[in-house]
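Student: Below you will find the structure I want to go over with you.
The values are calculated or read from the model by the stated rules, or taken from the named source; none is laboratory data. The structure presented is a predicted model; accordingly, all values stated were derived computationally and were not measured. Heads up, the Cβs are rebuilt from the backbone with ideal geometry, glycines too, and the neighbour counts pull from every protein chain shown.
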Amino acid sequence: MSSTSQRQLGESDSPIEDELESAFNRMVDEGTQRLHRTWREVLVTGFFGGTEVAMGVLAYLSVLNETHNQLLAGVAFAIGFLALLLGRSELFTEGFLVPVTTVVAKRASVGQLAKLWSGTLVANLIGGWLIMALIVVAFPKLRAQTIESAAHYVTAPLSLQSLALAVLGGMAITLMTRMQHGTDSVPGKIAAAVAGAFLLAGLQLFHSILDSLLIFGALATGQAPFGYLDWLGWFWYTLVGNMAGGLVLVTLLRLLRSKERLKDERESAEAEA
């Protein structure tokens, strides 16, 4: 079916389905606001993202320590994603689908995307490090569990399996973002957050921010059999894998699906410039 016929069938005169049109508009509107933040806003939002996800890590460790059930602990981690959703803070890995779509639509620049990514990443890690240091002081009984959980990630060698876990981790959280922007329903957004937490934490997928906070907590105990260099050795390939999964397996395919709509948006942006 041609884009002309598609426009005639829908109510929105769009080359894509009406529901996709609504989701596309939500993404571009939100992405435009996020990418036009100042450095101060980017860093503060990212810092809160790190602190709020750390509270999810606290819930995860508490449930895992008491039940030794990885899947149940993964559901408990959803507290962190719910805090991100309702508190309007941000994780670095949430910056794939929405901001990239906005840049491709010419509603923001590549430089603004780089600022969002770099500022959010650094601020996430700083905020998360601070709260994890407080957690291991406040809850001594969780120290052994924190070290055990962190070791699962930081001691993993660079291998095809590790890369696959990192790619799936990036795909899972970007899919969560896609689901949340596909609906106006708050219960629907909450369900997506719980699903994302189950996949990431429950199945122990590799996630550059979430798992870094576990590692920071272990290091803060002063008893971990690994150090910050070991973390960096794990972090770099996990970050690359997360970006590959989020950008290639979800974002790129969504852009291809909305190709004609993106063309319209780019033309509109050029006309307004």
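Student: Taking the stated definitions as given, is Gly227 under 21 Å from Ala133 (Cβ atoms) and either over 26 Å from the mean Cα position of the chain (by Cα) or among the hydrophobic types (A, V, I, L, M, F, W, C) (or both)?
Tutor: Considered against the rule, which asks whether it is under 21 Å from Ala133 (Cβ atoms) and either over 26 Å from the mean Cα position of the chain (by Cα) or among the hydrophobic types (A, V, I, L, M, F, W, C) (or both), Gly227 comes out as no.
Student: Among the listed residues Thr67, Thr51, which satisfies the condition of being modelled with pLDDT of 95 or more, over 20 Å from Gln180 (Cα atoms) and crowded, with 16+ Cβ neighbours inside 10 Å?
Tutor: Values: Thr67 fails: crowded, with 16+ Cβ neighbours inside 10 Å.
It is Thr51.
Student: Same structure, new question: Output the number of residues of segment 29-55 satisfying the condition of being under 16 Å from Leu97 (Cα atoms) and among the basic types (Lys, Arg).
Tutor: Here the count works out to 1.
Student: Going by what's in this entry, would Ala218 be described as out of contact with any strand residue (DSSP E or B) (no Cβ under 7 Å at 6 or more places or on another chain), among the hydrophobic types (A, V, I, L, M, F, W, C) and within 13 Å of Thr174 (Cα to Cα)?
Tutor: So Ala218 fails the test.
Student: Does segment 108-115 contain any residue that is closer than 18 Å to Leu210 by Cα and free of Cβ contacts under 8 Å to residues at least 40 places away in the same chain?
Tutor: No, segment 108-115 contains no residue that is closer than 18 Å to Leu210 by Cα and free of Cβ contacts under 8 Å to residues at least 40 places away in the same chain.
Student: Helices (runs of 4 or more DSSP H) wholly in segment 89-187 with at least 2 residues that are at pLDDT 95 or above and over 18 Å from the mean Cα position of the chain (by Cα) - which ones?
Tutor: 110-138, 143-154, 160-181
Student: Now, a different point. Could you say whether any residue in segment 143-150 is polar (S, T, N, Q), buried (at least 23 other Cβ atoms within 10 Å of the Cβ), in contact with a Leu (Cβ under 7 Å, 6 or more places away or on another chain) and closer than 24 Å to Phe47 by Cβ? Don't jump to the end; show me each part of the working.
Tutor: Kept after step one, since they are polar (S, T, N, Q), are these residues of segment 143-150: 145-146, 149.
Among the residues that remain, those that are also buried (at least 23 other Cβ atoms within 10 Å of the Cβ) are: 146, 149.
Adding the requirement that they be in contact with a Leu (Cβ under 7 Å, 6 or more places away or on another chain) leaves 146, 149.
Narrowing the set further to residues that are closer than 24 Å to Phe47 by Cβ leaves 146, 149.
Checked segment 143-150: at least one residue is polar (S, T, N, Q), buried (at least 23 other Cβ atoms within 10 Å of the Cβ), in contact with a Leu (Cβ under 7 Å, 6 or more places away or on another chain) and closer than 24 Å to Phe47 by Cβ.
Student: Could you list, in sequence order, the residues of segment 208-236 that are more than 20 Å from Val136 (Cβ to Cβ) and not hydrophobic (A, V, I, L, M, F, W, C)?
Tutor: Ser208, Gly233
Student: Any residue in segment 139-150 that's over 10 Å from Ser62 (Cα atoms): show its pairings with residues that are acidic (Asp, Glu) at Cβ separation under 9 Å, as long as the two are six or more apart or on different chains.
Tutor: Ser149/Asp211; Ala150/Asp211
Student: For the structure I just gave you, tell me whether Asn69 is without any contact (Cβ under 8 Å) to a residue 40 or more places away in the chain and over 19 Å from the mean Cα position of the chain (by Cα).
Tutor: Considered against the rule, which asks whether it is without any contact (Cβ under 8 Å) to a residue 40 or more places away in the chain and over 19 Å from the mean Cα position of the chain (by Cα), Asn69 comes out as yes.
Student: Could you please tell me which pairs satisfy a Cβ distance under 8 Å, a separation of 6+ or placement on different chains, a first residue in segment 229-251 that is in a helix (DSSP H, G or I) and buried (at least 20 other Cβ atoms within 10 Å of the Cβ), and a second residue that is modelled with pLDDT under 95 and of a type in the set (S, T, N, Q)?
Tutor: That search, which allows pairs on different chains as well, returns Asn242/Thr93; Gly245/Thr174; Gly246/Thr93; Gly246/Thr174; Val250/Thr174; Thr251/Thr101; Thr251/Thr174.
Student: Further question: Which is under 17 Å from Leu125 (Cβ atoms), touching a residue at least 12 places away in the same chain (Cβ under 8 Å) and part of a helix (DSSP H, G or I), of Leu219, Leu199?
Tutor: Of the residues listed, the single one that is under 17 Å from Leu125 (Cβ atoms), touching a residue at least 12 places away in the same chain (Cβ under 8 Å) and part of a helix (DSSP H, G or I) is Leu219.
Student: May I pose another question? Among what's in segment 202-216 and is in a helix (DSSP H, G or I) and closer than 12 Å to Ala150 by Cα, pick the residue that is nearest to the chain's Cα centre (by Cα).
Tutor: Across segment 202-216, the extreme among qualifying residues is Leu210.
Student: Same structure, new question: For segment 1-48, which residues satisfy the criterion of being modelled with pLDDT of 75 or more, touching a Gly at 6+ places or on another chain (Cβ under 9 Å) and outside any helix (DSSP H, G or I)?
Tutor: Across segment 1-48, the qualifying residue is only Arg37.
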